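Input: a single structure, listed below in structure tokens.
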Amino acid sequence: MSLLVTGSIGIDTVRTPYGCNNDCLGGSAVHFTMGAGLFCPVKFIGVVGEDCPFDLKEIFAGRDVDFEGLEIRKGSKTFRWSGSYEGDMNEAQTDAVELNVLAETPPAVPDSCRDCEFVFLANTAPALQIRLLEQLGAPRFVAADTMNHWIVTAKDDLLDLLDRIDMLIINEGEARLLTGQRNLITASEDILKLGPRVVIIKKR
């Protein structure tokens with residue numbers, strides 16, 4: 001099975017009632033690949049700035065991850081996210097976002113990745129998810145993730161994306177924000193009308 005993943009690679013600061021972790025490795029593509037790499041080969045597409053302090057090849061040593069599509073972009077800065085968890089800590093509150101390299105052109109997809117059958121568009125700007133998808137051939141199945149930040153700031157792009165994918169994965173708060181529905185069954189039905197044939201809503 002050929003599985004391609006693309007999305008954010010970030011420098012995160014995470015605050016909880018129990019402490020704060022500054023400048024740790026984050027990003028949706030990183031988290032997805034960490035799990036998927038245990039089960040199948042993964043082709044990783046992403047971009048970081050020259051300030052990125054992490055050696056992803058070293059971090060993923062032992063997993064079958066192809067980093068041909070990883071770009072270290074000179075003159076650019078890596079995406080940064082700061083967030084906090086409070087109370088039951090089931091949902092993150094975004095405190096600050098610095099898009100940096102994610103506000104630039106997406107990374108080029110190597111020829112060796114263009115024919116992947118399965119694609120996961122991990123959470124990043126919907127416009128970037130679309131532009132990467134347009135570089136691919138005809139994947140058999142495309143899944144995507146998103147977050148509240150993009151639902152609020154880039155909803156038109158997100159709606160365009162939903163019409164191009166097979167599956168959307170979001171949490172219950174994001175489902176309610178996207179649809180305006182409190183009932184999750186109704187929310188899922190509304191999301192299916194937007195394009196994807198499968199929706200997974202993660203409960204807290």
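Taken together, the values in this text are just the output of simple stated rules run on the coordinates, not laboratory data. From a predicted model like this one, the values you see are computed outputs, not experimental measurements. Positions of Cβ are generated from backbone atoms using ideal geometry, with glycine treated the same way; all protein chains shown enter the neighbour counts.
In the range 111-127, what residues are part of a helix (DSSP H, G or I), free of Cβ contacts under 8 Å to residues at least 60 places away in the same chain and either touching a Ser or Thr at 6+ places or on another chain (Cβ under 9 Å) or on the phi > 0 side of the Ramachandran plot (or both)?
Across the range 111-127, the qualifying residue is only Pro126.
Sort through Ala138, Ala187, Ala108 and tell me the only one that's small (Gly, Ala, Ser) and either assigned to a strand (DSSP E or B) or under 25 Å from Thr78 (Cβ atoms) (or both).
Ala108
Restricting to the range 13-55, and then to whatever is surrounded by fewer than 18 Cβ atoms within 10 Å (Cβ to Cβ) and charged (D, E, K, R), can you tell me which residue is farthest from Asp88 (Cα to Cα)?
Going through the qualifying residues, I end up with Glu50.
Please work out if Gly75 is farther than 30 Å from Leu177 by Cβ, of a type in the set (Gly, Ala, Ser), touching a residue at least 12 places away in the same chain (Cβ under 8 Å) and in a loop (DSSP other than H, G, I, E, B).
Spelling it out, Gly75 is indeed farther than 30 Å from Leu177 by Cβ, of a type in the set (Gly, Ala, Ser), touching a residue at least 12 places away in the same chain (Cβ under 8 Å) and in a loop (DSSP other than H, G, I, E, B).
Within the range 101-127, track down each residue that is farther than 19 Å from Lys155 by Cα, hydrophobic (A, V, I, L, M, F, W, C) and exposed (fewer than 14 other Cβ atoms within 10 Å of the Cβ).
The one that is farther than 19 Å from Lys155 by Cα, hydrophobic (A, V, I, L, M, F, W, C) and exposed (fewer than 14 other Cβ atoms within 10 Å of the Cβ): Ala108.
Working only within the range 13-45, note down all residues that are within 14 Å of Lys57 (Cα to Cα), without any contact (Cβ under 8 Å) to a residue 60 or more places away in the chain and assigned to a helix (DSSP H, G or I).
Val30, Thr33, Met34
Quick check: anything in the range 78-100 part of a helix (DSSP H, G or I), surrounded by fewer than 16 Cβ atoms within 10 Å (Cβ to Cβ) and of a type in the set (Asp, Glu)?
no
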